[in-house]
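Structure, as structure tokens:
The values are calculated or read from the model by the stated rules, or taken from the named source; none is laboratory data. Note that the structure is predicted; figures quoted are calculated from it, not measured. Note: ideal-geometry Cβ built from the backbone for every residue, glycine included; neighbour counts use all protein chains shown.
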Amino acid sequence: MIIEICATTLNSVINAQDAGADRIELCQEYLIGGVTPSLTFTLESIQNSRIPINILIRPRGGDFIFTDEEFDTMIESIYNFKNYNINGFVVGFLNDKNKLDSNRLAQFRDITKGYELIFHRAFDYLNNQDESLELLIENKFDRILCSGSTTDSEQGLKRLIYLKKYC
């Protein structure tokens, strides 16, 4: 089993690797769902981590329906973080109908070539998960982080098993 820990402080990065985590998802403001970490925090984490770091790219908490300006901010963040020793990016976004935009998926995969690309818990809010899973596979996303469309993965276990078989 691969263990990935969401880390929001330098102490949590160090604790995660010392406890045997395999990789880290770096973010800040966990209580609002997580946002893109600051460059200072990211550089401190890279300097102190012995395990791969994936960066959450999310301009704000709340829903996952972003404006064009917020998408521009996300893309700029990716380009900035590509200058440092990171493993990949964690993104998630929906359109106003709680569906995926295949053009946006392709855009994000294109700008993250050579890095892992993970779709995060926005997946739990999709209206068409089976179709969306196909789109994520077609666009070569590496993983999906979700809880099985419930508040926690233990309650969503049956759905998670279904999604795993679907792949």
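Any residue in the range 9-25 that is crowded, with 18+ Cβ neighbours inside 10 Å, out of contact with any Ser or Thr (no Cβ under 8 Å at 6 or more places or on another chain) and part of a strand (DSSP E or B)?
yes
With the requirement that a residue be over 16 Å from ILE111 (Cβ atoms), in a loop (DSSP other than H, G, I, E, B) and either more than 16 Å from the chain's Cα centre (by Cα) or at pLDDT below 95 (or both), what does the range 65-90 give you?
The answer is THR67, ASN85.
Of all residues being over 15 Å from the mean Cα position of the chain (by Cα) and part of a loop (DSSP other than H, G, I, E, B) in the range 42-56, which is surrounded by the most Cβ atoms within 10 Å (Cβ to Cβ)? Just the residue, please.
Restricting to residues being over 15 Å from the mean Cα position of the chain (by Cα) and part of a loop (DSSP other than H, G, I, E, B), the top hit is SER49.
Within the range 26-41, can you find the residues that are surrounded by fewer than 13 Cβ atoms within 10 Å (Cβ to Cβ) and at pLDDT below 95? Even if it seems obvious, please write down each step before you answer.
At the first step, the residues of the range 26-41 found to be surrounded by fewer than 13 Cβ atoms within 10 Å (Cβ to Cβ) are 31-32, 38, 40.
LEU31, ILE32 - these are the residues of the range 26-41 that are surrounded by fewer than 13 Cβ atoms within 10 Å (Cβ to Cβ) and at pLDDT below 95.
Of everything in the range 71-116, what is farther than 17 Å from ASP142 by Cα and touching a residue at least 60 places away in the same chain (Cβ under 8 Å)? Give them in sequence order. If you could, list the steps in order and put the result at the bottom.
The first filter runs over the range 71-116 and keeps only residues farther than 17 Å from ASP142 by Cα, leaving 71-77, 79-85, 94-99, 101, 103.
Matches in the range 71-116: none.
Checking PHE93 against (1) assigned to a helix (DSSP H, G or I); (2) under 15 Å from the mean Cα position of the chain (by Cα); (3) under 17 Å from ILE144 (Cα atoms): exactly one of these is not met. Which one?
The one condition PHE93 does not meet is (1).
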